[in-house]
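Asks: My questions will all concern the structure given below.
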Amino acid sequence: MLFHPKDTRDVMQAASKSMAHLAYHLYYFLEHEWNDKKRVWELSKRLKPVPILPELKAVGEQLRAQREHAMAAWAQTGHVKKLKARLAGRIIHGLGAGHVRETSLTIHPVYGLPYIPASSVKGLVRHWWIEAYGQGEEKSLSEQKIGRDVFGTQEKKGMVQFHDIFLIDGLQLVRDALAVHMKEYYEGKKAATDDQKPVPVSFWTVTAAEVEIYLTANRSAQSDEEAKRLLEEAAVWTKAALTEWGIGSKTSSGYGRFIDVKDVTETEFLPVVRKETMRLEQRKKEQALLEQRKREEEEQAKLALLSPEERLVAEIEQLTDSQADQQRSKDILYSQVIQQQNKQAAQALLAYWQRIGQWGKSASKKQKEKINVIQQLLNGS
């Protein structure tokens, strides 16, 4: 039996076979059964299989591509490190979080995929660093420069950013159980005797083939090389923390351990960055062309509102140093100036020729003849 408002229940039941978001299956599609002894409704202890639908796999692939694209864009102005790792077994993250079944699993609220939040990744690596380099003392983090620079303090943020780890490749939810063998002993009711009945608690674990791990650092004109070095150090510490300690719940029992953590920045990520760089450069060129066309169209619109005499002056004032414009000034525009007897345009044309060096002794014989004609027009003869 599903306990929801009627309209919610109807929608959920109709969508249960096609809903890809795992949170709906873990939170909504739960069964309750009647306990005649206690005269209450109880949540079923049985864990029904949770489907990994093709739609969810498609979301995962889109998410992977989106993250890679975003990181490649980040690499244009910052430093990015990409690691790949394989799970040694199963992983549980968020087991103790609030949940109607009392055992939870961290599911991304938007994508509906199991994931390890960036805060957990940073917390793990930070704690590993304190144990490895700070003798287990929290204060050592603020006392050592490299620790302050990577992880930050209350006064200053760290230079390295850790990102979510999504479990996409080969994703499966696997049922597991733990048993409290002496429940009454832990409740303080009885001594630790062997006659107490074990209390099994079921929960979900996750398996995945391979995960992608991203670390980033912002570039800085003052400490760019330092930021790059700190990112390299953080990648080494991340690898050590994931392989030595693992992440999530029940790591002491072997859950959440990673193996074969390798840096694939050079081999896999940088080719994507180069491709993104080329795409951005092409986009800039296209944008520049569009802006140029827009300016030309705006100028043409302005010229259309002018009289023929005013339009000729404006065209001459907009001439560049290009060979095409220089030749145009000597042919078409010169002829129009003479035809209109336009003194303002003649003055603009002389100024242009002076600017491009087509004036005085350096001018050709033919050009000098044109200069003389323009001067006569200006002098009114």
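Asks: Using the Cα centre as the reference, give the magnitude of the dipole from point charges on the C-beta atoms of the stretch 234-327 (Lys, Arg: +1; Asp, Glu: -1; all else neutral), rounded to the nearest 20 debye. Present the calculation step by step, with values, prior to reporting the outcome.
Replies: Working: 15 positive and 19 negative charges, 210 e Å.
Magnitude of the dipole: close to 1000 debye.
Asks: Moving on to the next point. Can you give the extra length, in nm with one decimal, that the chain gains between Leu270 and Leu305 once fully stretched, where that is 0.36 nm per residue apart less the Cα-Cα distance?
Replies: Full extension of this stretch gives 7.3 nm more.
Asks: Working out 0.36 nm times the residue gap between Arg64 and Arg283, then minus their Cα-Cα distance, what length gain in nm do you get to one decimal?
Replies: Working: separation 219, 0.36 × 219 = 78.84 nm, distance 2.31 nm.
Difference between extended and current length: 76.5 nm.
Asks: Using only the Cα atoms of the chain, what do you get for the radius of gyration and for Dmax, in Å?
Replies: Gyration radius and largest Cα-Cα distance of the chain: 36.0, 126 Å.
Asks: When each pair of different Cα atoms in the stretch 204-281 is counted once in the 1/r mean, what is the Kirkwood radius in angstroms, to one decimal? Intermediate results must be reported in sequence, preceding the final value.
Replies: Working: mean 1/r = 0.0664 Å⁻¹.
So the Kirkwood estimate lands at 15.1 Å.
Asks: Please build a GNM for the chain, connecting alpha carbons under 10 Å apart, and tell me which residue among Arg148, Arg126, Arg295 fluctuates the most.
Replies: Of Arg148, Arg126, Arg295, the Gaussian network model singles out Arg295 as fluctuating most.
Asks: While we're here: Treating the stretch 227-319 as a set of equal point scatterers at the Cα positions, no solvent, please give the Debye-formula log₁₀ I(q)/I(0) at q = 0.12, 0.20 Å⁻¹.
Replies: At q = 0.12, 0.20 Å⁻¹ the computed log10 ratios are -0.66, -1.00.
Asks: Right, another one. Could you check which residue among Leu87, Leu306, Leu178 shows the biggest mean-square fluctuation in a GNM of the chain with a 10 Å Cα cutoff?
Replies: Judging by the Gaussian network model, the answer is Leu306.
Asks: When only DSSP loop residues count, what GluC sites (Glu not before Pro) in the stretch 130-205 have their Cβ near at most 11 other Cβ atoms within 10 Å?
Replies: Values: sites: Glu131, Glu137, Glu138, Glu143, Glu155, Glu184, Glu187; in loops: Glu137, Glu138, Glu155, Glu187.
Filter output for the stretch 130-205: Glu137, Glu138, Glu155, Glu187.
Asks: Carbon and sulfur: what percent of the chain's accessible surface (1.4 Å probe)? It would help to have the intermediate numbers written out before the result.
Replies: Numbers: 11480 of 22570 Å².
With neighbouring chains kept in place, the figure for the chain is 51 percent.
Asks: Which three extents, in whole angstrom, do the alpha-carbon atoms of the stretch 102-172 cover along their principal axes, largest first?
Replies: Its Cα atoms span 42, 24, 23 Å along the three principal axes.
Asks: Could you derive backbone 3J(HN,Hα) for the stretch 122-136 from the dihedral phi with the Karplus parameters 6.51, -1.76 and 1.60 (θ = phi - 60°), listing whole Hz in sequence and x where the residue is Gly or Pro?
Replies: Running phi through 6.51 cos²θ - 1.76 cosθ + 1.60 with θ = phi - 60° gives 5, x, 5, 5, 4, 5, 4, 5, 4, 5, 7, 10, x, 6, x Hz.
Asks: To continue, here is another question. Rolling a 1.4 angstrom probe over the protein heavy atoms, how many square angstrom per residue are accessible across the stretch 61-163? Display every interim value, and only then the final one.
Replies: Details: 5010 Å² over 103 residues.
For the stretch 61-163, the solvent-accessible area averages 49 Å² per residue.
Asks: Another question, if that's okay. Pick out which of Ala70, Ala85, Ala191 has the largest mean-square fluctuation in a Gaussian network model of the chain, springs linking Cα atoms closer than 10 Å.
Replies: Ranking Ala70, Ala85, Ala191 by mean-square fluctuation puts Ala191 first.
Asks: Given the stretch 194-352 reduced to its alpha-carbon atoms as identical point scatterers, what log10 I(q)/I(0) does the Debye formula return at q = 0.10, 0.12, 0.14 Å⁻¹?
Replies: Taken in order of the listed q values, log10 I(q)/I(0) reads -0.69, -0.79, -0.91.
Asks: Under a Cβ-Cβ cut-off of 11 Å, what is the net charge of the residues other than Asp263 that fall near it, where Lys and Arg count +1 and Asp and Glu count -1?
Replies: Summing Lys/Arg as +1 and Asp/Glu as -1 gives +2.
Asks: By average Cβ neighbour count within 10 Å, what is the ranking of 269-281, 205-217 from highest down? Walk me through the intermediate numbers first.
Replies: Working: 269-281: 14.2, 205-217: 20.5.
Packing order, densest peptide first, comes out as 205-217, 269-281.
Asks: Further question on the same structure: Give me Rg over Rh for the stretch 278-379, both radii from the alpha carbons and Rh done the Kirkwood way, two decimal places. Let's see the in-between values first.
Replies: Working: Rg = 16.6 Å, Rh = 15.1 Å.
Taking Rh as the inverse mean 1/r over Cα pairs, Rg/Rh reads 1.10.
Asks: Further question on the same structure: Multiply the residue gap between Ser142 and Ala351 by 0.36 nm, knock off their C-alpha separation, and tell me the result in nm, one decimal place.
Replies: On the way: separation 209, 0.36 × 209 = 75.24 nm, distance 6.68 nm.
That pair, Ser142 and Ala351, stretches by 68.6 nm at full extension.
Asks: Determine the principal axes of the Cα atoms in the stretch 87-229, then give the extent along each, sorted from largest to smallest and rounded to whole angstroms.
Replies: Ordered largest first, the stretch 87-229 gives principal extents of 68, 37, 26 Å.
The values are calculated or read from the model by the stated rules, or taken from the named source; none is laboratory data. Remember, it's a predicted structure, so these values are computed and weren't measured experimentally. No Cβ is skipped: glycine too gets one built from the backbone with ideal geometry, and neighbour counts run over all protein chains shown. SASA here: full protein model, heavy atoms, side chains in, ligands and nucleic acids out. Shrake-Rupley method; radii C 1.70, N 1.55, O 1.52, S 1.80 Å.
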